[in-house]
1. Has region B:155-165 got at least one residue that is on the phi < 0 side of the Ramachandran plot, more than 14 Å from chain A (Cβ to nearest Cβ) and at pLDDT below 95?
2. Restrict the check to region B:120-132 and report whether at least one residue is under 25 Å from B:Leu164 (Cβ atoms) and in a helix (DSSP H, G or I).
3. Identify, please: which residue in region B:166-185 is more than 21 Å from A:Leu101 (Cα to Cα) and free of Cβ contacts under 8 Å to residues at least 12 places away in the same chain and is, among those, nearest to the other protein chains (Cβ to nearest Cβ)?
4. How do the pairs read when you match residues in region A:62-85 that are within 14 Å of chain B (Cβ to nearest Cβ) and closer than 23 Å to B:Phe226 by Cα with residues anywhere that are in a helix (DSSP H, G or I) and among the small types (Gly, Ala, Ser), using Cβ under 7 Å and keeping only pairs 6 or more apart or on different chains?
5. Picking from B:Gly121, B:Gly126, B:Gly107, B:Gly136, which residue would you name as being away from every other protein chain (no Cβ under 14 Å) and at pLDDT 90 or above?
6. Got a sec? Which of B:Ile62, B:Ile9, B:Ile28 is aliphatic (A, V, I, L, M) and in contact with a strand residue (DSSP E or B) (Cβ under 8 Å, 6 or more places away or on another chain)?
7. Please enumerate the residues belonging to region A:15-69 that are outside any helix (DSSP H, G or I) and at pLDDT 90 or above.
8. Could you say which residue among B:Gly194, B:Gly215 is assigned to a helix (DSSP H, G or I), surrounded by fewer than 14 Cβ atoms within 10 Å (Cβ to Cβ) and not polar (S, T, N, Q)?
Amino acid sequence: MRSLILAAAAVLVPAVALAAEAPAAAGGSMVGPYSVLAAGFAMAIAAGLCGLGQGRAVASAVEAMARQPGAAARIQTAMIIGLALIESLAIYVLVVAMILLFVQPIK
Amino acid sequence: MGAIEHPPIFRLPGVPDHVLYTWIVMAILIGVSWMATRRVALVPRGVQNFVEVVLEQFIQMIDDVIGREGRRYLPFIGTLGLFILVCNLMGLVPGLMSPTGNLMTNGACAIIVFCAYHYIGVKKQGLVHYLKHFMGPVPALAPLMIPIEVISHLARPLSLTLRLFGNMTGGHILLAVIFFLMGLDGLIGWALSGSTAGTIVGGLGGLVMIVFTVGFLYPLKILVSFLQAFIFVMLTMLYIAGAMEGAEHDEHHAEPHTAHH
């Protein structure tokens, strides 16, 4: 675990220094490159947590369908709706990431 | 984004793209409806049969979620659902765009749903009675419940818009990147350029990506199109059911009075 943290720090610290130099020299603000970093990390975290949430939803649905096969169709409908609603949270993060990457409000 | 952007093929000079493709979707839906009702038969055949099957699915969903009195909203819900479905599917054809990949179309549909379910609720229960449901279960909690309810009701059209927009545009960007990687600027262009390394690696890579796109990405996008239209319609029906259901609480309140007398 410690070597992982050391490796991450060894990569990120020079990257931060390099990233801070480039736009300041070009005349932009110092926030620009970090927005790309933020977009990437945000989407990764959102996708991971969305996977966990959807996994729990499907697990409950499948267990309920195994317990009562007669109600399988209604459980499946509820499961599909639940999955789409959980996924929409990750889609909101995707929209913010797209704004940061393509609209670039802060250069 | 400039390298992978590809505007749609059909464009009109003064008209925004998403409006033009909305007109194309309208023409498709009106054409199918006209073909289905040309000679209405008691035992349906052909296009009428297909359209009746689709409408039966809508009626079943409405019966499940809203109840029998929700059937009067079938024209609204059916039009909304079929419009969003055909809009989504149009984005799959390379060269056309889907109007639901644009925030304006989704925002319009979401605002229509917002106004519709409030109007239905007010018409069924009366304005004062409908607003009383914003105050929550216990009137003492009203100062806490009203801001929460208002914000959650305002978040509904926003979430409808962004959910549909994110799904459609995310799929569009994914397809654009894949086409760019494997197209004439990428792997297949490298394969056709004549160098030996290009032919082997570019050919194999291009073939793998073509199989991946046609076999996995396109079915996934078709599934997402149907699913997102279904989710939009299901949420509309749930909001209408929520706006109409307040009246039932009062019928239950009235029962004990008549029972005692």
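1. No, the conditions are met nowhere in region B:155-165.
2. Yes: region B:120-132 contains one or more residues that are under 25 Å from B:Leu164 (Cβ atoms) and in a helix (DSSP H, G or I).
3. Across region B:166-185, the extreme among qualifying residues is B:Gly183.
4. From region A:62-85, the pairs are A:Ile75/A:Ala61; A:Ile75/A:Ala64; A:Met79/A:Ala57; A:Met79/A:Ala61; A:Gly82/A:Ala57; A:Leu83/A:Ala57.
5. After ruling out the rest, the residue left standing is B:Gly121.
6. B:Ile9
7. Within region A:15-69, just A:Gln68 meets the criteria.
8. The conditions single out B:Gly215.
The values are calculated or read from the model by the stated rules, or taken from the named source; none is laboratory data. All figures in this text were calculated on a predicted structure; none of them were measured in a lab. Quick reminder, even Gly has a Cβ in these numbers, built from the backbone with ideal geometry, and neighbours come from all protein chains shown.
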